[in-house]
Amino acid sequence: MKRIGLLMALALLLTLTLPRPSSAKIVVGLSSVNVAFLPVYVTEAKGFFKDEGLDVLLVLFNAGATNLQALIGGDIHMMGSAFVETIGGRAAGVDIKNFWGVCNIMPFQLYSQADFKSMKQAKGKRFAISRFGSLTDFLTRATLRHFGVDSKEVTILQIGSTPARFAALSAKAVDASIVWFPVTEIAKSQGYNKLLDLKEIFPEWPYETFAAKESYLSKERDQVSKFLRAYQRGVKYTIENKADAVKIMGKYVKLDPAYAPAGYDEYRDSFPLNGQIAEKIIPTVIEEEFQTGRIKKKVTVEDMVDRSFIKALGK
């Protein structure tokens, strides 16, 4: 009898602690603290997810590679990440699909020590990235190839986030690093040399997207649609309400108030209300990843993108 009573008490405890079905929980990994995710922050801050009956938990990572591992391991349901970072996962057999465009912009610039004035001097230099397999890794290697430099002729160091990489540059622990706003403005003001604006190589770029496993998108289609409806409200609100969006940016991104309005202006037009992903460059990126041996199997744009949500909700 005591054992039966104990089991009944345990069953009651489990019932009480399980999440309520009326509020669906979605765990979303974000690959960085970044202005590119401003509409995500706005959607959460304004309560638009809750209006759809969703309990959304945002989990912040310091690199896309760790975000992808969390998705593969089932620790998150979907990820907001650089499109490039999903290619390796798909090529390795993960059933991952990009299903909504978050930000279409190439925001990166390559800054270096003051005496490193040209990519002709790149051989033997130390380049900082976040992690191997991340977007900064791909862009650094792509830049080197663009200038005819083999990545084996330089040292590529895993440093971490953009602030960490700029700190390494400031300490002269590295010779160059790809950085984004507002660190680009800080680097310029402190006399570091801008080697390259990567828009010169990649004028169109699918910077950040939402991605998830195909199995999740199929099983939880209704919840994903609710998530995207809420997110569209967030995008629209972000575009139409600069002052409030900048205030929310300060809370989530912790930008210096002196830089926040300029950051908003730089990114505002890159947020697609219709969810479109800038697909034109994707075949080129896949081919480069395959030719350099970073992926062992070629994938196609069709393998990488689920357009059904864009067609249904992006009108």
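What the table shows:
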item	result
Conditions (1) in a strand (DSSP E or B); (2) under 30 Å from residue 275 (Cβ atoms); (3) open to solvent by 30 Å² or more (accessible area, probe 1.4 Å): number failed by residue 141	(1)
The listed residue being of a type in the set (Gly, Ala, Ser) and free of Cβ contacts under 8 Å to residues at least 24 places away in the same chain, out of 258, 312, 245	258
Set 97, 123: member being under 25 Å from residue 41 (Cβ atoms) and open to solvent by 10 Å² or more (accessible area, probe 1.4 Å)	97
Single condition residue 300 does not satisfy, out of (1) surrounded by fewer than 19 Cβ atoms within 10 Å (Cβ to Cβ); (2) in contact (Cβ under 8 Å) with a residue 40 or more places away in the chain; (3) of a type in the set (Val, Ile, Thr)	(2)
Verdict on residue 68 being assigned to a helix (DSSP H, G or I), surrounded by 23 or more Cβ atoms within 10 Å (Cβ to Cβ), modelled with pLDDT under 95 and not hydroxyl-bearing (Ser, Thr, Tyr)	yes
Number of positions in segment 168-216 that are of a type in the set (Ser, Thr, Tyr) and not in a helix (DSSP H, G or I)	4
Test for residue 115: is it open to solvent by less than 20 Å² (accessible area, probe 1.4 Å) and not in a strand (DSSP E or B)	no
Subset of segment 189-207 [over 23 Å from the mean Cα position of the chain (by Cα) and either among the hydroxyl-bearing types (Ser, Thr, Tyr) or open to solvent by less than 80 Å² (accessible area, probe 1.4 Å) (or both)]	189, 191, 192, 193, 195
Leading residue by the ranking (surrounded by the fewest Cβ atoms within 10 Å (Cβ to Cβ)) among those in segment 126-138 that are within 14 Å of the chain's Cα centre (by Cα) and in a loop (DSSP other than H, G, I, E, B)	131
Considering residues of segment 262-292 that are open to solvent by 30 Å² or more (accessible area, probe 1.4 Å), assigned to a helix (DSSP H, G or I) and touching a Ser or Thr at 6+ places or on another chain (Cβ under 9 Å) only, the residue nearest to residue 152 (Cα to Cα)	283
Matching residues, segment 216-261, being open to solvent by 70 Å² or more (accessible area, probe 1.4 Å) and within 24 Å of residue 61 (Cα to Cα)	247, 251, 254, 256, 257
Selected residue (criterion: least open to solvent (accessible area, probe 1.4 Å)) from residues of segment 26-52 that are assigned to a loop (DSSP other than H, G, I, E, B) and among the charged types (D, E, K, R)	52
Filtered residues of segment 193-234 (kept if among the aliphatic types (A, V, I, L, M) and more than 30 Å from residue 177 (Cβ to Cβ))	212, 217, 224, 228, 230
Selected residue [in a helix (DSSP H, G or I) and over 20 Å from residue 83 (Cβ atoms)] from 315, 226	226
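Residue-by-condition table, conditions (1) of a type in the set (Ser, Thr, Tyr); (2) more than 30 Å from residue 228 (Cα to Cα); (3) outside any helix (DSSP H, G or I); (4) modelled with pLDDT under 90:
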| site | (1), (2), (3), (4) |
| --- | --- |
| 105 | no, no, yes, no |
| 148 | no, yes, yes, no |
| 156 | no, yes, yes, no |
| 166 | no, yes, no, no |
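The values are calculated or read from the model by the stated rules, or taken from the named source; none is laboratory data. Values in this document were obtained by computation on a predicted structure and should not be read as measured data. Cβ: placed from backbone, ideal geometry, glycine included. Neighbour counts: every protein chain shown. Areas reflect the complete protein model, heavy atoms only, side chains present, ligands, DNA and RNA absent. Shrake-Rupley method; radii C 1.70, N 1.55, O 1.52, S 1.80 Å.
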